[in-house]
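The values are calculated or read from the model by the stated rules, or taken from the named source; none is laboratory data. On a predicted model such as this, the values are computed, not experimentally measured, just so you know. Here Cβ is always computed from backbone atoms with ideal geometry, including for glycine, and neighbour counts include all displayed protein chains. Heavy atoms of the whole protein, side chains included, go into the accessibility calculation; ligands, DNA and RNA do not. Shrake-Rupley method; radii C 1.70, N 1.55, O 1.52, S 1.80 Å.
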Amino acid sequence: MESETVKSEVIKQVKAQYAIDNARQLIDKVNEHCFEKCVPKPGASLSSSEQTCFTQCMEKYMAAWNQVSATYIRRIQQEH
Amino acid sequence: MSSDFSPVDSSNLSRLSDKDKTELRQIMTNEEQKARVQASVHSLTDICFRKCITGTIRNGKLDKNEEGCMANCADRFVDVSHLTLKHLQNMRG
């Protein structure tokens, strides 16, 4: 492989690895928070209301994440 | 997903020109920094979600109160982080 190809391959893999890592962190936190909120007393299966709650909770968490991201990034840009 | 990638081993890496090496180092530094910011956002969202989203979940959107709370929470956390840093600097004297 020549240099340009090696470079773009490395970049691709590095970015993919960071993206996987980011997704994993998000998934862990969504599961934790939404299980806590939506399945307070785990039964023998997930009821449909528990499933609905979980879906809404996931959306809410991601909206919350976006809000924090925008606020945090604005602050760190200010303090430079 | 691994089938999308050609193997990048040390023999391939040795083919990098100095210019491409320098560029790669910069890109790695940028990606590391972006990852640190992402990690902070994850941590902050974790904390603030618990503080701001109380009670039963009724829909998938943030209402005005929740939205404001998340923003304030992030802002105030940054403020106290600065306080901590300042205090530590004072302790060092």
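For this structure, a couple of remarks:
- Summed side-chain charge close to B:Ser17 - residues other than B:Ser17 whose Cβ falls under 10 Å, Lys, Arg +1, Asp, Glu -1: -1
- Dipole axis of the range B:37-80 (+1 Lys, Arg; -1 Asp, Glu on Cβ), positive-most option in B:Gly55, B:Gly68, B:Ser43: B:Gly55
- As an equivalent ellipsoid, the range B:5-53 spans semi-axes of 38, 12, 5 angstrom, where each value is the square root of five times an eigenvalue of the C-alpha gyration tensor, largest first.
- Based on the convex hull around the alpha carbon atoms, the range A:3-80 presents an average projected area of 8.3 nm².
- Protein heavy-atom surface of the protein assembly as shown, 1.4 angstrom probe: 54% of the accessible area is carbon and sulfur, with nucleic acids and ligands not counted.
- Principal axis dimensions, the protein assembly as shown - Cα atoms, whole angstrom, descending: 58, 55, 27
- For the pair B and A, total buried accessible area rounded to nearest 100 Å², probe 1.4 Å: 4300 Å²
- All lysines inside 24 Å of A:Lys41 as judged from Cα atoms, apart from same-chain residues fewer than 8 positions distant: A:Lys29, A:Lys60, B:Lys51
- Rounded, prolate or oblate (a/c below 1.5 giving rounded, otherwise prolate when a/b exceeds b/c) for chain B by Cα gyration tensor: oblate
- FRET efficiency for the pair A:Ile73 and A:Phe35, taken as 1/(1 + (r/R0)^6) with r the Cβ-Cβ distance and R0 = 30 Å, rounds to 0.55.
- The range A:30-56 and the range B:46-93: distance between their alpha carbon centers, rounded to Å: 25 Å
- Using a Förster distance of 35 Å, the FRET efficiency for B:Thr84-A:Ala19 (Cβ separation, nearest 0.05): 0.70
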